[in-house]
Every structure is written in structure tokens, then in C-alpha cells.
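Just below is one structure, and these are the notes that go with it.
The values are calculated or read from the model by the stated rules, or taken from the named source; none is laboratory data. This one's a predicted model, so the numbers in the text were calculated from it and none came from an experiment. Cβ sites come from the backbone with ideal geometry, for glycine too, and all protein chains shown count toward neighbours. For accessibility, only protein heavy atoms count, side chains too; no ligands or nucleic acids. Shrake-Rupley method; radii C 1.70, N 1.55, O 1.52, S 1.80 Å.
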Amino acid sequence: MGLDLKDVDLEPGLKGWYRSGLCYFFRSQNPQDKPGASVPQSPSAAAFPEPWSRIFNSRKAECTSVWTYWQLPLDLGPQPSAERKRLFQKIVSALNWPPEHLVFWPLSAFHPPDLLSRTDLFRQGIQLLKPLYVLVFGDQAIEALFPGDKRTAYGLFKMDQIDYIFLPGAEDMLPDNKNAKRIVWNTLKKL
């Protein structure tokens, strides 16, 4: 028995994420909407613009891992990629982690027609979310977070007591790059 998605009031582009277990992403920001529900508050959270504010205010607690990739704001907004969403939904589903163990947190912002780096907001979120792991998918995301650092290998990078894990991006894994998918899967199942 599962949740009937027709009862969930989400934009069509967000329902796939919800089906993948990312319900804490999409919880109401209004604590009065559900009896006994509370939304964690932080004075710093008010400074976040959308979608960061919505994501931060809807999470249940500090998370184990933060996941990011360059195109994430597109997939959370008006121009989602069905292929990327399906790929990440399959990864999350196969891991079978409790939903509160991961948060997708953007490091870029969509300002039509471009994506612009917002690593300042990304780093503020990391300080507040306090994850054990930050999973960075794709070279463009890695370059945005660590400009000029010519990393060529995927794997672990420790900084400020946080384990950053560099992984192939969706553009590397799609349409069916088995080697890139194997790198991602073998890394994630060890966490």
C-alpha cells in the first residue's frame, strides 16, 4: 500500500522526485498544515532565496549527505530533464536510504537563460545542514566548488571536516555509460 500521488499537490515536474522518496524536500513550509508537524527553523535560513529556502525549511533534520550537480536548479524548476530525474530517482531508489539521509542542495541558480554559480549559498547550506558527505556529480559542479583545482580523478576529498566525494555527472552516465554508472554505484553503496 502506498501513497496515491493524485492526492499530493505538487507541480508535475516534482512528482518524480517525490516518488523517489524525497518527500522532505517537498513538505509544506507551514507547520499548521499538519497536526504536530514542526519545521526546523534557523535564523540563517531566512536569508536563502528560492529554491534553497524551500529545501532548507522542509528538511526534517541534519542530513547524512548532500547531493549536488550543476543542472539541479533546472530539474527543480521549470525546465527539468526527464533523463536526469529518472537517473537520480533510480540511484536513490536502489540505495534505499531513508529520505532524511539525503538532501539535494543546488550550487547554481537558474537566471534565464543561464545557470549561474551560487557556491556562496551552497556553502552556507553545508554549514547549516552539517552533512557527513557532500556528493558532487559532474566536472562542472566540481569546477564551480573548487575553481582552478585540476582534479581528474573521482573519489574522496576532505575539506573542513567534510568528506566531498567527486563522482561522474548525469552527462557522463547518460545515456548508458556503464563505466561511469559503475563508479557512482560502487562509491555510493560503500557509504
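In whole Å, how far is the Cα centre of the range 119-149 from that of the range 69-85? Result: 17 Å between the Cα centres. Working note: Karplus 6.51/-1.76/1.60 with θ = phi - 60° gives the range 157-169 the couplings 9, 9, 8, 6, 6, 10, 8, 8, 10, 8, 9, x, x Hz, where Gly and Pro are set to x. Using a probe of 1.4 Å on the protein chains alone, the accessible area found for Thr187 is around 40 Å².
Between amide H atoms placed 1.01 Å from N, distances below 5 Å from Tyr164 occur with Val134, Phe157, Lys158, Met159, all of them 5 or more places distant or on a separate chain.
Less than 5 angstrom separates the built amide H of Phe104 from those of Trp67, all sequence-distant by 5 or more or on a different chain.
Across the range 116-123, coupling constants 3J(HN,Hα) worked out from phi with the 6.51/-1.76/1.60 Karplus curve, θ = phi - 60°, read 10, 5, 9, 5, 4, 5, 4, 5 Hz, and Gly and Pro carry x. With a Förster radius of 25 Å applied to the C-beta separation of Leu191 and Ser53, the computed FRET efficiency comes to 0.35. The listed residues Met159, Met173 rank as Met159, Met173 when sorted by accessible area, largest first, using a 1.4 Å probe. Using heavy atoms of the protein chains and a probe of 1.4 Å, the accessible area assigned to Ser81 is about 20 Å².
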